[in-house]
Every structure is written in C-alpha cells, then in structure tokens.
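*Asks:* Have a look at this one.
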Amino acid sequence: MANKKKSDENLKGSLYAVFGVGIIIILLWVYCFDLFIGRF
Amino acid sequence: MHIHKYEKYWLVFGVTTLVAFLIILGIGAFHQGSHPNNGKKTLDYEKVKETAPFDNPGVHKVEGKDWDYEVVVVASAFNYNPPQIEVPLGAKVKFIATSEDVMHGFEVAGTNINMMLEPGYISEYVTEVNKVGEFLIVCNEYCGTGHTMMHSMLKVVDSNESH
Amino acid sequence: MSHTNSMTKVDRRDAKLAMAHIYVAFIALLLGGLAGLLQVFVRSGQFTLPAGIGYYQVLTVHGVLLGLILTTFFIYGFQIASVSRTSGTFTDTQRRLGWIGFWLMTIGTAAAATMVLLNKATVLYTFYAPLKAHWIFYLGLTLVVVGSWVGGAGQILRYVQWRKENKASGQRSPLLSFMVVVNNLMWFVATLGVAASVLIQLLPWSLGLIERVDVALSRTLFWYFGHALVYFWLLPAYMVWYVIIPKVIGGKIFSDSLARLSFMLFLLFSIPVGIHHQLTEPGIDGTWKFIQVVLTFAVIVPSLMTAFSMFAMFELRGRELGGRGLFGWFKKLPWKDARFFVPFIGMVSFIPGGAGGIVNASYQMNQLIHNTIWVTGHFHLTIATAVVLTYFGAAFWLIPHLTGRTLSKSLNNLSNFAGILWATGMTIMSSAMHIAGLIGAPRRSDYSEYGGAQQAYDWIPYQIAQAVGGTILFIAILVIIYIVVKLAWFAPKGDEEFPVGDVHELSGPTPAILENFKIWLVILVALILFAYTVPIIDIISNSPAGSKGYQLW
C-alpha cells in the first residue's frame, strides 16, 4: 500500500463538494418520483 | 491500489443511494406491479382492422376482469382512432393500442401513460384514472411530416355513467 | 508513467491528419448549429421555414451533423494527436490507416448528407424502421462506421507498438493512449450492433433485396449501439478532465489507477444497458428491462469516482497555492485560463445532466419523461455542454499546437466569453426543455397547437424560452468558429503546449491487471451475452410479420 501520508491529504472540501453532488442527485430523483407517484 | 479515505466514504454513499433507488423501483415494479408497457402480444400489422380488439376501437365497459374499461386505440399516420376518449373518474382502465404502419407514440400528457406503439405488437397499460380533466394525447415518436397533427384527447369525467 | 517533456510536439504529418478531422468537425458544428437555430425558431411559433424545407429535414441535419459527425471527427482528431503525443509518432502504415479512415468517413458523411438535403432520408439521426430512407443514406452511415474502424485501428496499433517496445521496462503505458484504446475498443464492440442492423436489415431492405424487416430487432440492435455511442462521446471529455486539466492548472493527476479503473468500468457497462432506451416499448420482458436498468446504474459508479477525482485534483492544487479553509482552494484555480475554464463549465453541467440521466433510467419513472423534450434538455446538458465545451476547451490549445500557432491572450479571453455565452444560452434552453418535458411537451415535434388544447398552450412560453436560449447558443457557435479560424490560420506563430499531466507522487503503483485488456474484454463479452441473449431470442422467436418500408415525409 502507498504512503500513509496520502490519507492525511486534506481533501475535506472535496468530500463536502461530492456530497453536495449527491444531494442534488437525490433531490431531483425524489422530486421526479413524487411527480410519478402523483400521476395516474 | 490506493483509495483515499474520503473517496471511500463517497463511493459508499453513492452506491448506497443508487441501491436504494433500485430497491424502491424494484418494489414498485415487482411487488406493486408498477411496470411500463411490456406488452408481449403480437398481430399482423397489415390486418389490424380485422383483428380483435382493434376491429372495434373505442371505450368499452367490461365485466369480470381486473379493470372496468378497455380503451382500444389504433394509431396510423397521422391520427388516432378513436379521436377522443371519455372515461369516468375512478375507473380502472386498460389502454390497448397498436400501430398500423410505422412507430408511433401514445403519450397522455400530464399522466404516466406513455407507450411506444410498434407495428406488429400490442402495447398495454392499466391505470386508475383518479383525476378529472382533459388530458392531451400526443404522438411522441417522429412518424413523418404530419407527426404533430396526430393527437387526441382523454376526458376523465366525474360521473359513474359511461357514454 | 514517464515524465513527458512538456514541449514535445506532435509530428507534423500526424498533426495534418488530426487537423483534417478537426476541420470537418467544426464545419459540422457551424451547419448543425444553424439547423438548431432554425428549429428553435420554428418551435417558438413565430417563424416558418422557407418553402420546400421541412422541419424534420432540418432536425435530421442537426442530429446527424452534431450527434454523429462533429463528435466522431473531433474525437478522432483529438485521439490521433493524443496517441502521437504520448505513444510516439505514427508509422506510415498507421497513418495511412488514419487517412483511409478519414476519407471513408468523409465520403460517407457527404453521401448521407446529400440524401438528407434531397429530402430522401428525413428519418432523423436514429433512422428508426419502418421509416425507410434512400439506400445511399444507409450506405453513407456504413462508410462512416467502417471508416471509424480503420482509423481507430491505426490508433490502437500505435499503442500496441509502444507496449511491445517497452515490454522490458515494466512501466505502465501512457495513460492518455490507454484511454484512447479503451474508447476505441468500446466503440468497435458497440458498432457491431448498428452495423448488423444496417448491413443485414436496412441496407438490403432499402435496396429492395428483402421486403420486410423485424422492427423490434432493428431497434434493439440500434440501442445496443446507441447508449455506448454516448459514452464514446463522453470518454474523450473524461480524457481531458483526467489527463489534460491537471497539467493546465499546474497540478497532478490525482490517481493513475482510479483513472484506468473508471475507464475499464465504462468499457464494461456502456454496452449491456441499451434497453433502458426501450423501457416503454412492447416485446421486451419487464424483468430483462429491469436487469439492464440495474446494469445502467452500475455505469454511474465510474462517474461518481470521476467526480471525486476531479474535486481532489482541484483541491490538492488549490491548497498548494495557499488556499485555506474548506473551500479556499477553489478561488486559487486559474479561472482566466480558457483551457481550464471552458471545460470546467462542462464539468458543472454534467452534475444536473447526470442527475437527470438517473431519472431517465429509473425503469417505470421513464414513463414520466420518455420522448418528451425533457430528454432533449438532458442530452443538451451532457453531450451538448459537458462534452462539447470540453472538446472546445481542448481545441483552443490543440489546434494551435497542431498548426504551429499560439492561443493569444485576446483569443483566450474571447474563448472564455464564448464559454459564458454557451452556459447562459444552455441554462435557459435546457431548463425550459426540462420543465416543458415534465408537463408533457414531446420532443422531435414541429410547432403545433394540438387542436387548441390547454396543455399545448402551456408549453408555448417554454418554447419561446428555448428560442431565446438557442439564439444565444448560435451566437456562441459563431464566436467559437471565429476563434477556430483564427487559431488555424491567423493566430501568432509559436509553440503552444500540448498539456499532459503527470501522476501525483502519492498516487501509488497501478496494478498490472488494469492494463490486461484480455481479461476486461472477456468480462465485457460475458456481460453482453448475459444482458442481451434472452431479450434477443425472445424478440426473434415471438416476432410478428416484418414491416414494409414507409416514406411519410
């Protein structure tokens, strides 16, 4: 395995950013799912 | 291969989300029967008018089935037969449609009724019409110059009487 | 990966071959863009085409030129230059294959385009049977595909040669060349489907040799190819994101192994997923549709990996430049550099684009948006923003590199302006398309009031918004064409860098298995057989009488 130091690289901003992406994905999907459920 | 700790968190989160979506869709589909059109029946597309039920397009009340009405639709360039559909609110309706020539769409705007009509195949969709209103039916697959002339109307009326 | 000299130039003969492809690509952009402008005008209800030109003819031109020609030609121009830059100059044979491929594709394009202009092939770029085009249209498309095989083989042979020559050194092959090979292999396997449909079904049918075709089979073969097609467009953009952008921003490739792994996952999961384009059609069993939905969700995973790699690459560089706090690094990125900024807009648009794509693939939820203009809005975010803005961002250094000129400061600023124009126009047009689609507006449709239906009136304001956005986009296209012309013939002479990133010191060694193409190809074939054998047997064994051809335009 590579240098232990790698895990200590500060990538906190990236973590928050990708979770932001995840939330956009979930919100859009849930919105569309709700539309789908509400229609016949 | 080295993967950063945060990337692992993200992939676990992402994959879990996708799996959750699939489980919701899967339960909807295989437990509650919410499938898109998966019609398997075939017919001779050149003899649609002589083949039941398409020899009698329109709205038909039926007995002893899992649904109350059958709406039989024949699509051809560039129109739908019947040109208008009226069903009572709350009825469980089976839409049965096919094409006499090329690919057509059968989309009831503002609803989940959205099927491809393919020559030789019967497309089917069962739903309970639980909203009053006029819903525009459009062909949503390009079928030629008159593509947008191809439309119809689904009227859901608040009455227990069929016409 | 060896450290490459940053001023290594692509050989002049290879540069000429790459530029030939790029010229065709940008001619296609101009003409296809013009067709797009006419479409949004027509759909606004305020404009009718001059006598004799049909809306669907213009739509066919738009789809074929932008979806098939701009993409394929730019991709090959970029890939030829990339392989030559990172694996070394092509041999005469490899380059000859490149030229044969180029001419086959160009002749094929001209033949197909002629038939469209003569109104003999108004079948849109998906040419769904039983609408039947003139046989020359199908032959032209066949030549484009066969040409792409020949040209693509030349690129692969150069990579194979590198592997042979460096066998003893034990070093990993150049990342950019590796990615080109993955993309080409995916393309070869995917185009077999459309080639089978055209050669066995559509071409003999249009020639009158056979009377009928199996429509369901032709659609399934088309979509076996069709979804991989969109990844064939996307992967060159990912090459730029993974390999070029790190160098442009002065950073490093975050992880060589993750980059290779994500490309191998794309190779595996781009093809056995095509049925998610056929979710609302009859003749395919729901269980098999759902299985392909699950496989489609698997192809999302490498894009999730890519999202993290991109942010990490930016964050590492931004922190190196002194960015502090959670997001301080973000401000440190070279926002004024068009080589970074224009592709960056593309990356951002891939977030809503990808999110919308997940909705599209969600089995029964597909009924909400299938063949509505939401889908058009979706792929104008993915292909027509994420992918093409990345191509343009690459063209801004690639063209001067190949022509011995430089991207001057003023052209750089103009490029950024074009990127902002594009983002503005596309935000307006694509948002309007997404919303109108959710309330039912169909795609691929001429202006219509649908007999005065209220719902159709509700769509019209969004169609006007699409015309506004589309007009801004066309202006952006004109600016881009101006930049391309300047870069090709008039920009100051000099040495423009072909940026190729180096891998971060802490990325760790790349497992050899990621370069073992045999293993991945075997898995790919197994997945394809799993996903398609039963559905295709079903279609063939239950098939109704085939269809005769129709010309309804």
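The values are calculated or read from the model by the stated rules, or taken from the named source; none is laboratory data. What you are looking at is a predicted structure, and each value in this text was computed from that prediction instead of being measured. Cβ atoms come from the backbone with ideal geometry, glycine included; neighbour counts cover every protein chain shown. Accessible surface areas use protein heavy atoms only, side chains included; no ligands, DNA or RNA. Shrake-Rupley method; radii C 1.70, N 1.55, O 1.52, S 1.80 Å.
*Asks:* Once the dipole of the protein assembly as shown is set up with Lys and Arg at +1 and Asp and Glu at -1 on Cβ about the Cα centre, which of C:GLY45, C:GLN79, C:LEU229 lies farthest towards its positive end?
*Replies:* C:GLN79
*Asks:* Apply the a/c threshold of 1.5 to the C-alpha gyration tensor of the range B:11-50 and tell me whether it is rounded, prolate or oblate.
*Replies:* Since a/c reaches 1.5 and a/b is larger than b/c, the shape of the range B:11-50 is classed as prolate.
*Asks:* Please sort C:218-224, C:263-269, A:17-23 by packing, taking for each peptide the average over its residues of neighbouring beta carbons within 10 angstrom, highest first.
*Replies:* In descending order of packing, they fall as C:218-224, C:263-269, A:17-23.
*Asks:* Local charge sum around C:ALA153 (other residues, Cβ-Cβ under 14 Å, Lys/Arg +1, Asp/Glu -1)?
*Replies:* So the environment of C:ALA153 carries a net charge of +3.
*Asks:* A further question follows. With point charges of +1 on the Cβ of Lys and Arg and -1 on the Cβ of Asp and Glu, referenced to the Cα centre of the range C:12-541, which listed residue (C:MET426, C:ILE156, C:SER410) lies farthest in the positive direction of the dipole?
*Replies:* C:SER410
*Asks:* Another one. Calculate the dipole size of the range C:12-541 relative to its Cα centre from +1 charges on Lys and Arg beta carbons and -1 charges on Asp and Glu beta carbons; express the result in debye to the nearest 20.
*Replies:* 1240
*Asks:* Here's another thing I want to ask about it. Using helices alone, what [θ] at 222 nm do you get for the protein assembly as shown, with -39,500 (n - 2.57) per DSSP H run of 4 or more residues, divided over all residues and rounded to the nearest 500?
*Replies:* -18500 deg cm²/dmol
*Asks:* A further question on this structure: With axes computed from alpha carbons, what is the tilt in degrees of helix B:5-26 against the longest principal axis of chain B, rounded to the nearest 10 within 0 to 90?
*Replies:* So the helix axis and the longest Cα principal axis differ by about 20 degrees.
*Asks:* Let me ask another. So what's the gap between the Cα centers of the range C:472-537 and the range C:388-458, to the nearest angstrom?
*Replies:* Each part's Cα centre sits 21 Å from the other's.
*Asks:* Tell me, which longest segment in chain B has none of the GluC sites (Glu not before Pro) that fall in DSSP loops with at most 10 further Cβ atoms within 10 Å?
*Replies:* The answer is B:64-160.
*Asks:* What aspartates and glutamates sit close enough to C:LYS252 to cross-link, taking a C-alpha to C-alpha distance under 13 Å and skipping anything fewer than 8 places away on the same chain?
*Replies:* Excluding near neighbours in sequence, the set is C:GLU315, C:GLU320, C:ASP502, C:GLU505.
*Asks:* Expressed as a rounded percentage, what relative contact order does the range C:207-340 have, with Cα pairs under 8 Å and six or more residues apart?
*Replies:* 28
*Asks:* Going by Cα centres, the range B:6-62 and the range C:258-291 are how many Å apart?
*Replies:* 16
*Asks:* A further question follows. Tell me: how much accessible area in total is hidden between C and B, 1.4 Å probe, Å², nearest 100?
*Replies:* Summing both chains' loss of accessible area gives about 5700 Å².
*Asks:* Summarise the partner chain shielding of C:369-376 as one whole number: the mean count of Cβ atoms from other chains within 10 Å of each residue's Cβ.
*Replies:* Partner Cβ neighbours, averaged per residue: 4.
*Asks:* Just order C:182-189, C:390-397, C:58-65, C:230-237 by mean Cβ neighbour count inside 10 Å, highest at the front, would you?
*Replies:* Taking the mean over residues of other Cβ atoms within 10 Å, the ranking is C:390-397, C:58-65, C:230-237, C:182-189.
*Asks:* Among all helices in chain C defined by DSSP H, which have a length of 27 Å or more along the axis from Cα atoms plus a Kyte-Doolittle mean of at least 1.0?
*Replies:* Qualifying helices: C:12-44, C:175-196, C:215-239, C:338-360, C:454-485, C:517-541.
*Asks:* In debye, nearest 20, what is the charge dipole magnitude of the protein assembly as shown about its Cα centre with +1 on Lys and Arg Cβ and -1 on Asp and Glu Cβ, if you could check?
*Replies:* 3140
*Asks:* Now, a different point. When the expected Rg is taken as 2.2 N^0.38 Å, what fraction or multiple of it is the alpha-carbon Rg of the protein assembly as shown?
*Replies:* Cα Rg divided by the expected 2.2 N^0.38 Å: 0.95.
*Asks:* Just check the range C:491-545 against the gyration tensor rule for me: Cα atoms, a ≥ b ≥ c as the square roots of the eigenvalues, rounded for a/c under 1.5, and otherwise prolate or oblate depending on whether a/b exceeds b/c.
*Replies:* In terms of gyration-tensor shape, oblate.
*Asks:* Right, another one. Largest first, please: the extent of the C-alpha atoms of chain C along each principal axis, to the nearest Å.
*Replies:* 62, 48, 44
*Asks:* Keeping every protein chain present and rolling a 1.4 Å probe, give me the accessible area per residue for the range C:12-541 in Å².
*Replies:* 31
*Asks:* Could you name the lysines whose alpha carbon sits less than 18 Å from that of B:LYS8, not counting residues in the same chain fewer than 8 places away?
*Replies:* Hits, sequence-local ones excluded: A:LYS4, A:LYS5, A:LYS6, A:LYS12.
*Asks:* To continue, here is another question. My understanding is that a pair violates if its Cα-Cα distance is over 19 Å; which of C:LYS336/C:LYS409; C:LYS16/C:LYS409; B:LYS49/C:LYS132; B:LYS41/C:LYS289; B:LYS49/C:LYS289 do that in this structure?
*Replies:* Where the Cα-Cα span goes over 19 Å, the pairs concerned are C:LYS16/C:LYS409; B:LYS49/C:LYS132; B:LYS49/C:LYS289.
*Asks:* Same structure again: Give me the aspartates and glutamates in straight-line cross-link reach of C:LYS518: C-alpha distance below 16 Å, same-chain residues under 8 apart excluded.
*Replies:* none
*Asks:* Here is a follow-up. Quick query: amide H of B:TYR80 versus all other amide H atoms, modeled in the peptide plane; which residues come in under 5 Å with a sequence gap of 5 or more or a different chain?
*Replies:* Close amide H contacts, sequence-distant or interchain: B:HIS151.
*Asks:* Separate question: Give, rounded to the nearest 20 debye, the magnitude of the charge dipole that the range B:1-95 has about its Cα centre when Lys and Arg contribute +1 at Cβ and Asp and Glu contribute -1 at Cβ.
*Replies:* Dipole of the range B:1-95, to the nearest 20 debye: 440 debye.
*Asks:* How many angstrom lie between the Cα centre of the range C:15-55 and the Cα centre of the range C:200-247?
*Replies:* Here the answer is 21 Å between Cα centres.
*Asks:* Stick to Cα atoms and the Kirkwood definition of Rh, then tell me Rg/Rh for the range C:377-534.
*Replies:* 1.14
*Asks:* Dividing the Cα convex hull volume of the range B:45-157 by residue count, how many Å³ per residue is that?
*Replies:* Here the figure is 85 Å³ per residue.
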